[in-house]
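This report refers to the structure that appears directly beneath it.
The values are calculated or read from the model by the stated rules, or taken from the named source; none is laboratory data. Keep in mind it's a predicted model, so treat the numbers as computed, not measured. When we count neighbours, we look across all protein chains shown, and the Cβ atoms used for this are built from the backbone with ideal geometry, even at glycine.
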Amino acid sequence: MEFQFGEKEERLRTEIREFVKAEMPPHYIGKYFEEETNDEDWAFSMAMSKKLAQKGWLTMSWPKEYGGMDASRWERVVFAEEASYWGIPGLGMGISGTAWVGPSLMLFGTEEQKKKYIPQIATGEPDGVWCTGYSEPDAGSDMAAMQTSAIRDGDAYVINGQKVWTSCAHYARWLWLACRTDPEAKKKHQGLSLIIVDMKSPGLTVRPLENYVGGHVFNELFFKDVRVPVKNLVGVEGKGWSQLMTALSFERGTAIGTTASAQRLLDELVIYTKGTGQIKQPEIRQKLARLAIDIEAARVMAHEVVWMETVGKPVLHEPSRDKAFGDMLQEKLGRIGSDIIGVFSQMDPAAYKNRWSRLRGAFEHLYHYNIGFAIAAGTTDTQRNIMGQFGLQLPRAY
Ligand SMILES: Cc1cc2nc3c(=O)[nH]c(=O)nc-3n(C[C@H](O)[C@H](O)[C@H](O)COP(=O)(O)OP(=O)(O)OC[C@H]3O[C@@H](n4cnc5c(N)ncnc54)[C@H](O)[C@@H]3O)c2cc1C
């Protein structure tokens with residue numbers, strides 16, 4: 001086993017750290033789902049997207065012809081680690097142009113779609129901001145139960161139905177929509193399609209949906225006879241399920257980032273407890289050590305997946321294993337951090353600029369938002385089901 005990055009990767013790491021020093025506010029700590037919660041953070045995030053695009057880092061994994069850098073798998077690991085450790089915002093271009101809309105269009109999109117949408121994402125333009133419409137009130141973990149329909153009428157699809165939990169829809173220019181183009185299909189996984197929808201379309205209503213601490217991350221979308229040109233169909237009509245599975249696999253490989261942001265919070269806790277003198281208490285040191293062990297385990301598992309990809313081994317249940325482990329790690333980190341910060345962790349996560357807030361409100365934010373983190377991109381239970389079925393060859397959960 002070789003646990004070292006090469007010279008090229010380490011040079012990139014240094015360059016990213018210099019970028020962070022030059023472009024980010026001092027002592028900045030990134031927080032999940034913060035970018036889309038208010039206009040100020042969103043503006044900062046979009047300004048950073050532009051700078052990341054100029055460096056070539058926004059879409060570094062993409063081929064050069066699509067505005068990427070053709071970065072190696074290990075360069076991407078270094079970038080994901082550093083970006084998450086320092087909390088660089090603006091990498092997703094909404095939910096999520098860079099991670100799955102762009103790569104899916106490269107695989108399934110028409111030439112016209114590739115020419116129109118991919119450069120908007122790669123250059124960090126506001127027109128490259130996407131939201132993703134999969135979930136519905138009665139179709140979450142069981143996504144194939146979706147009912148929103150897109151029925152062909154001449155040269156358009158007419159869309160009716162409702163989506164829910166649509167992150168970033170209040171800033172997005174485009175919607176990556178999964179819907180039912182054949183309501184008569186015999187099986188629920190059949191007759192589904194992916195369609196690009198202009199968020200300015202008449203008949204489409206975006207209603208804010210605040211989370212339980214008042215944060216506006218996601219929305220409900222209502223479609224009333226929304227007409228979308230047939231040329232906005234992505235891939236093959238009715239074959240959306242397999243395309244969706246590919247898009248979801250792009251979404252779930254996030255363990256590198258989760259581990260690095262957990263490492264940053266642990267490092268901050270160590271500095272904090274040294275400052276307050278709490279580090280002298282053995283039970284505090286025990287808690288910090290417990291986190292360090294979990295983070296190290298998470299890092300090794302995340303690196304294993306990358307290694308498997310680079311040597312051509314099939315990756316099946318491993319990203320689900322890592323997402324489930326990451327969910328549990330974040331929960332533990334939120335609890336232990338809040339415990340250590342004590343009464344200061346009882347602040348409203350939105351009030352992190354208050355003088356009573358500690359560490360930029362990172363722990364009250366994590367404590368409350370981790371619940372969403374563990375649900376988004378497939379709940380921890382869903383990941384365990386995948387692990388059981390493909391990792392342990394147990395019978396299907398449903
Ligand atoms: C922060 C956040 C952002 C999101 N952003 C988006 C977005 O941009 N676009 C989008 O389309 N969706 C988004 N979602 C929605 C997300 O994908 C769904 O919430 C998720 O798929 C779960 O669906 P559900 O909420 O309907 O819960 P359900 O599927 O109803 O699950 C409820 C509970 O039952 C458990 N459960 C369900 N089925 C099983 C099973 N077979 N075995 C064991 N346990 C099971 C689940 O683990 C969960 O604990 C977001 C969610 C969050 C929290």
Checklist outcome for this item: So, first residue in contact (Cβ under 8 Å) with a residue 60 or more places away in the chain and under 16 Å from Glu2 (Cβ atoms) in the stretch 294-317, second residue part of a loop (DSSP other than H, G, I, E, B) and among the aromatic types (Phe, Trp, Tyr), Cβ within less than 9 Å, six or more apart or across chains; the pairs are His303/Phe3
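Looking at this structure, is Ile151 β-branched (Val, Ile, Thr), within 16 Å of the ligand (Cβ to nearest atom) and more than 22 Å from Thr246 (Cα to Cα)? Break it down stepwise before answering.
Details: β-branched (Val, Ile, Thr): yes; within 16 Å of the ligand (Cβ to nearest atom): no; more than 22 Å from Thr246 (Cα to Cα): yes.
For Ile151, the condition - β-branched (Val, Ile, Thr), within 16 Å of the ligand (Cβ to nearest atom) and more than 22 Å from Thr246 (Cα to Cα) - is not met.
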Checklist entry - What number goes with the only condition from (1) more than 24 Å from Tyr367 (Cα to Cα); (2) within 16 Å of the ligand (Cβ to nearest atom); (3) among the polar types (S, T, N, Q) that Thr37 does not pass? => result (1)
Item to check | Every residue from the stretch 217-230 that is surrounded by 14 or more Cβ atoms within 10 Å (Cβ to Cβ) and closer than 16 Å to Lys163 by Cα | outcome: Val217, Phe218, Asn219, Glu220, Leu221, Phe222, Phe223, Val226
Next on the checklist: What are the pairs with Cβ atoms under 8 angstrom where one residue, in the stretch 13-26, is farther than 20 Å from Trp74 by Cα and free of Cβ contacts under 8 Å to residues at least 60 places away in the same chain and the other, located anywhere, is of a type in the set (A, V, I, L, M, F, W, C) and assigned to a helix (DSSP H, G or I)? Sequence gap at least six, or different chains.
Outcome noted: Glu23/Met48
Item to check | Cβ pairs under 8 Å, 6+ apart, first in the stretch 258-283 and over 25 Å from Gly326 (Cβ atoms) and outside the structural domain of Tyr28 (by TED's automatic domain parsing), second among the charged types (D, E, K, R) and in a helix (DSSP H, G or I) | outcome: Ile279/Arg285
Next on the checklist: Going by what's in this entry, would Val213 be described as modelled with pLDDT of 95 or more, within 16 Å of the ligand (Cβ to nearest atom), outside any helix (DSSP H, G or I) and over 21 Å from Thr98 (Cα atoms)?
Outcome noted: no
Checklist entry - Just one of Ile295, Ile375, Ile386 is buried (at least 16 other Cβ atoms within 10 Å of the Cβ), over 28 Å from Ser72 (Cβ atoms) and among the hydrophobic types (A, V, I, L, M, F, W, C); which is it? => result Ile375
Item to check | Filtered residues of the stretch 154-168 (kept if more than 8 Å from the ligand (Cβ to nearest atom) and touching a residue at least 24 places away in the same chain (Cβ under 8 Å)) | outcome: Asp155, Ala156, Tyr157, Val158, Ile159, Asn160, Gly161, Gln162
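Each row is one residue, and each column tells you yes or no for (1) farther than 24 Å from Thr110 by Cβ; (2) among the charged types (D, E, K, R).
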| residue | (1), (2) |
| --- | --- |
| Pro183 | yes, no |
| Gly191 | no, no |
| Leu194 | no, no |
| Met199 | no, no |
| Leu204 | no, no |
| Asp225 | yes, yes |
| Pro229 | no, no |
| Val236 | no, no |
Checklist entry - Of (1) more than 23 Å from the chain's Cα centre (by Cα); (2) within 16 Å of the ligand (Cβ to nearest atom), Ile371 satisfies all except one. Which? => result (1)
Checklist entry - Is it fair to say Trp174 is within 22 Å of Ser104 (Cα to Cα), of a type in the set (Phe, Trp, Tyr) and either within 12 Å of the ligand (Cβ to nearest atom) or assigned by TED's automatic domain parsing to the domain that holds Ile371 (or both)? => result no
Item to check | Condition broken by Thr132, with the remaining ones in (1) touching a residue at least 24 places away in the same chain (Cβ under 8 Å); (2) more than 8 Å from the ligand (Cβ to nearest atom) satisfied | outcome: (2)
Checklist entry - Does the stretch 47-75 hold any residues that are within 15 Å of Arg17 (Cα to Cα) and assigned to a helix (DSSP H, G or I), and which are they? => result Met48, Lys51, Leu52, Lys55, Glu75
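Taking the stretch 350-368, which residues are surrounded by 14 or more Cβ atoms within 10 Å (Cβ to Cβ) and either within 11 Å of the ligand (Cβ to nearest atom) or part of a helix (DSSP H, G or I) (or both)?
If the condition is that a residue be surrounded by 14 or more Cβ atoms within 10 Å (Cβ to Cβ) and either within 11 Å of the ligand (Cβ to nearest atom) or part of a helix (DSSP H, G or I) (or both), then Ala350, Leu359, Arg360, Gly361, Ala362, Phe363, Glu364, His365, Leu366, Tyr367, His368 are the ones that fit.
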Checklist entry - For the stretch 1-38, how many residues are closer than 23 Å to Arg358 by Cβ and of a type outside the set (D, E, K, R)? => result 12
Checklist entry - Thr166 versus (1) modelled with pLDDT of 95 or more; (2) in contact with a helix residue (DSSP H, G or I) (Cβ under 7 Å, 6 or more places away or on another chain): which is the lone unmet condition? => result (2)
Next on the checklist: Filter the stretch 251-264 down to the residues that are under 11 Å from Ile295 (Cα atoms) and either of a type in the set (Val, Ile, Thr) or modelled with pLDDT of 95 or more (or both) and list them by number.
Outcome noted: Ile256, Thr258, Thr259, Ala260, Ser261, Ala262, Gln263, Arg264
Next on the checklist: Any residue at all in the stretch 329-349 that's outside any loop (DSSP other than H, G, I, E, B), in contact with a His (Cβ under 8 Å, 6 or more places away or on another chain) and away from the ligand (no atom under 16 Å from the Cβ)?
Outcome noted: no
